[in-house]
Amino acid sequence: KGHDDLLVTSIFYTLQGEGPFAGRPAVFLRLAYCNLACSFCDTNFSYGDWMTRAQVIEALQACVGKTLARDFVLVVTGGEPMLQQEALHSLLVVAGGNFAAVQIESNGLLHAELPHSTHLVVSPKCAEDKGGPTKYLRPHPRMLDQARCLKFVVTHDAGSPYHTLPKWADDWRL
């Protein structure tokens with residue numbers, strides 16, 4: 001496909017339920033592809049519809065209807081959005097200024113330079129072995145440098161690495 005095309009699994013309106021924009025009206029742009037295979041994930045990120053940048057912008061505008069897009073947060077998630085970073089960066093440059101804010105959620109393993117106005121939320125995941133998590137994967141240092149916040153999957157299971165935050169997360173916070 002073209003260098004500005006994205007493989008999109010869905011575009012939908014919602015209220016953002018977590019992170020820095022919790023409670024705000026949001027349009028989600030969910031992209032295909034993921035570089036991990038988390039055992040708890042219930043989504044198949046290997047399919048979607050190829051859309052040009054213009055088609056994505058049109059779909060985002062249709063999603064907000066007659067209201068102003070600048071009243072909404074654009075949340076780009078996946079899968080792993082950084083797997084489509086060339087086309088994604090192009091979209092953010094063109095469409096980003098039309099929204100109240102732009103948030104991208106990434107596992108942080110793949111480095112990408114994002115427009116400064118983009119709010120990067122890094123959601124670290126664990127390495128897995130035999131269908132179970134073993135330890136947190138430390139995000140790329142340059143992604144941590146750009147991150148506005150970290151968001152973790154947590155569990156009540158004391159034997160799981162998802163039960164305790166890794167030391168590097170606390171160091172990042174400080």
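Just one of (1) farther than 16 Å from Asn35 by Cβ; (2) in contact with a strand residue (DSSP E or B) (Cβ under 6 Å, 6 or more places away or on another chain) fails for Ala127. It is (1). Only strands (runs of 3 or more DSSP E) whose full extent lies in the range 92-174 are considered here, and the ones with at least 2 residues that are surrounded by fewer than 18 Cβ atoms within 10 Å (Cβ to Cβ) are 126-129, 132-136, 147-150.
Restricting Ala87, Ala26, Ala59 to those that are in a strand (DSSP E or B), open to solvent by less than 60 Å² (accessible area, probe 1.4 Å) and not acidic (Asp, Glu) reduces the list to Ala26.
Name every residue in the range 30-62 that is in contact with a strand residue (DSSP E or B) (Cβ under 9 Å, 6 or more places away or on another chain) and touching a residue at least 60 places away in the same chain (Cβ under 8 Å), in order of residue number. Within the range 30-62, Leu36, Ala37, Cys38, Ser39, Phe40 qualify. Pro20 meets the conditions (1) modelled with pLDDT under 90; (2) open to solvent by 60 Å² or more (accessible area, probe 1.4 Å); (3) within 19 Å of Val121 (Cβ to Cβ) in every case but one. The failed one is (1).
Would you check if Gly78 is surrounded by fewer than 18 Cβ atoms within 10 Å (Cβ to Cβ), within 20 Å of Phe21 (Cα to Cα), under 16 Å from the mean Cα position of the chain (by Cα) and at pLDDT below 95? If you could, list the steps in order and put the result at the bottom.
Values: surrounded by fewer than 18 Cβ atoms within 10 Å (Cβ to Cβ): no; within 20 Å of Phe21 (Cα to Cα): yes; under 16 Å from the mean Cα position of the chain (by Cα): yes; at pLDDT below 95: yes.
It is false that Gly78 is surrounded by fewer than 18 Cβ atoms within 10 Å (Cβ to Cβ), within 20 Å of Phe21 (Cα to Cα), under 16 Å from the mean Cα position of the chain (by Cα) and at pLDDT below 95.
Which one is farthest from Glu58 (Cα to Cα) among residues in the range 1-38 that are of a type in the set (D, E, K, R) and over 16 Å from the mean Cα position of the chain (by Cα)? By that ranking, first place goes to Arg24. If the condition is being in contact with a Cys (Cβ under 8 Å, 6 or more places away or on another chain) and open to solvent by less than 40 Å² (accessible area, probe 1.4 Å), then the range 3-17 contributes no residue at all.
Kindly establish whether Tyr33 is touching a Phe, Trp or Tyr at 6+ places or on another chain (Cβ under 7 Å), of a type in the set (Phe, Trp, Tyr) and open to solvent by 60 Å² or more (accessible area, probe 1.4 Å). Against the criterion (touching a Phe, Trp or Tyr at 6+ places or on another chain (Cβ under 7 Å), of a type in the set (Phe, Trp, Tyr) and open to solvent by 60 Å² or more (accessible area, probe 1.4 Å)), Tyr33 qualifies. For the range 130-169, filtering for residues that are within 26 Å of His116 (Cβ to Cβ) and over 19 Å from the mean Cα position of the chain (by Cα) leaves 1.
Just to be sure before I move on: is Gln103 modelled with pLDDT under 95 and under 12 Å from the mean Cα position of the chain (by Cα) in the structure I sent?
Details: modelled with pLDDT under 95: no; under 12 Å from the mean Cα position of the chain (by Cα): yes.
Considered against the rule, which asks whether it is modelled with pLDDT under 95 and under 12 Å from the mean Cα position of the chain (by Cα), Gln103 comes out as no.
The values are calculated or read from the model by the stated rules, or taken from the named source; none is laboratory data. Predicted model, so just to flag it, every value in this text is computed and none were measured. Backbone-built Cβ (ideal geometry, glycine too); neighbour counts: all protein chains shown. Keep in mind that these areas ignore ligands, DNA and RNA; they rest on the heavy atoms of the full protein, side chains included. Shrake-Rupley method; radii C 1.70, N 1.55, O 1.52, S 1.80 Å.
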